[in-house]
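See structure below.
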Amino acid sequence: MKMTPEDEERLRLWHATENTDGIQNTAFPLLSYQGMKEYFETEICAFVRSHEYTGLALHSRKAGIQPTTPAWLRDTYAFVYYLNEEGEAKQFIQVWLRDQSIRSYSQISYIPGRATPSEFPAVPAFKAEAEPSVPRAEQDSIMRGVHRYLKNLFPKKVQREYYEAILANIVQNPGEIPRVCLVLEGQQGCGKNIFLSFFAQKVLGMQHCSQASSLSIVFDSHSTHLKLKSLVVVDEVNSNEGRKFADLFKDAVTTDYVNVNEKYQKQLQVPNMTSWIVTTNNRSSMLVEPGDRRFCFLDCSDKMCGPEKYNYWLEIANLLFHTPKTGRAVYQYFKGLDISEYRGMFPRKRPISYTHEAAAQCGIPDYSKYLSYMCGAMEMRCEKHTKVQAMGMVSDFKQWLADLNFSSQQQDRNTGPMFLAEMKSMCSEAANSENHMRACRYRRHTQGYCFSFEVKSLKEFLKQSKRFHQDLYEMGGGKEDMQGLQIRVEED
């Protein structure tokens, strides 16, 4: 039942009493029972009857169904009153809980601010959506400052446009994931995070976003970081985490549903609404396989780094965080941005940067690169099995690095003891695998400790463990004059 004209006028006057601090003179308007019922069921609480949840639920001020009980409602809303026919104020909540016509929803909407009258709104609207509109002239003035920042951060237009399209997709199509994770690679102090913090706080609202300092926090067994979040930002991811959570991370970028297992709560399966953005200063932080379309690396310029740029960053901070209309202006800009060429095509439209190509290779350990090269060389020689003295292999590995003039980021791991330790660890790993037990083995021989390899199994094991370097494998297979693996041990 809709409100009477009298109730609508009372509600209008109640809203008009809001003071400059945003606090009402009274917590609730004083309406007739039907008017208060309409207001309470629209703004506070209703009954949900769906396959996901059945019972009383609060209209969300944060993402997700918020179950409640009659006892809690009685205690919390005991001060809410309505006007009876005699004009007397009566307690509302007791009468409402006995009402047989409480509004009931059979469907739940998880899209921010997009619930129809027949759907229970499980997710509130974006913060800037509810703010007053900004005139076009003011919006253009604000966006000039924003675009100045974006051009300094992403000098390449194609990368800048893709970044804007990802953010615009969140605003225009909430709940429609791009199935691509943006990786912003640049040195500390270049400004990777400042706009993302602004976008989360002032445009979307923090109930729609999650910011974490590591992937381990996001993928904790009881984490709620992926529960109906429109944006997840992970800061300064390192290569160890990138490898450890590679499979979980890739699945989270593309899956349609995610499982949420909050402590002391029933496990839920909810729609995946999350767009991912990762920042890093290490291009080997993410495990990127050849042909993988789930990552898009953007090169962040360092031209605005350094103490001499302090005034520039002060201006940007003032614009983003201390100019009241900036959040709404940016929201309007992204709302109106034409992203038709990207929608549904984000993986195919990725700009492939140098950082992306380098990331796909530089994260592989040098000893695995060496073994990939060795597999190619041995296949060229039609060798299926071989044994190599351990110390001879160390010498060969160092000579191989020198011959190929590798500029490696892993120099501290290329010592003899470290190389042997990693090789032994890999042998142990292979021995515990189901299909590659003979890939590589470390054992004592009459001439000292040695490694034995079965080439086909080793190659497959490296691929399975994401440590195979295709280019070096092909290079090894194409070299006729091999300098490596000169110290052999005959088979027993």
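The values are calculated or read from the model by the stated rules, or taken from the named source; none is laboratory data. None of these values were measured; they are calculated from a predicted model. Here the Cβ is made from the backbone with ideal geometry for all residues, glycine too, and neighbour counts use every protein chain on show.
Some observations on this one:
- Test: residue in the range 158-172 that is modelled with pLDDT under 95 and in a loop (DSSP other than H, G, I, E, B): no
- Considering D247, D292, the condition of being surrounded by fewer than 21 Cβ atoms within 10 Å (Cβ to Cβ), acidic (D, E), modelled with pLDDT under 80 and not in a loop (DSSP other than H, G, I, E, B) is satisfied by D247 alone.
- The range 365-382, residues that are closer than 27 Å to M418 by Cβ and assigned to a loop (DSSP other than H, G, I, E, B): P365
- Checked against (1) closer than 26 Å to V237 by Cβ; (2) polar (S, T, N, Q); (3) out of contact with any helix residue (DSSP H, G or I) (no Cβ under 9 Å at 6 or more places or on another chain), S301 passes all but condition (3).
- Taking the listed residues S210, S216, the one that is surrounded by fewer than 16 Cβ atoms within 10 Å (Cβ to Cβ) and modelled with pLDDT of 80 or more is S216, with no other qualifying.
- The listed residue being in contact with a strand residue (DSSP E or B) (Cβ under 9 Å, 6 or more places away or on another chain), outside any strand (DSSP E or B) and exposed (fewer than 15 other Cβ atoms within 10 Å of the Cβ), out of F28, F79: F79
- In the range 195-244, residue nearest to P271 (Cα to Cα) [restricted to those that are of a type in the set (V, I, T) and part of a helix (DSSP H, G or I)]: V218
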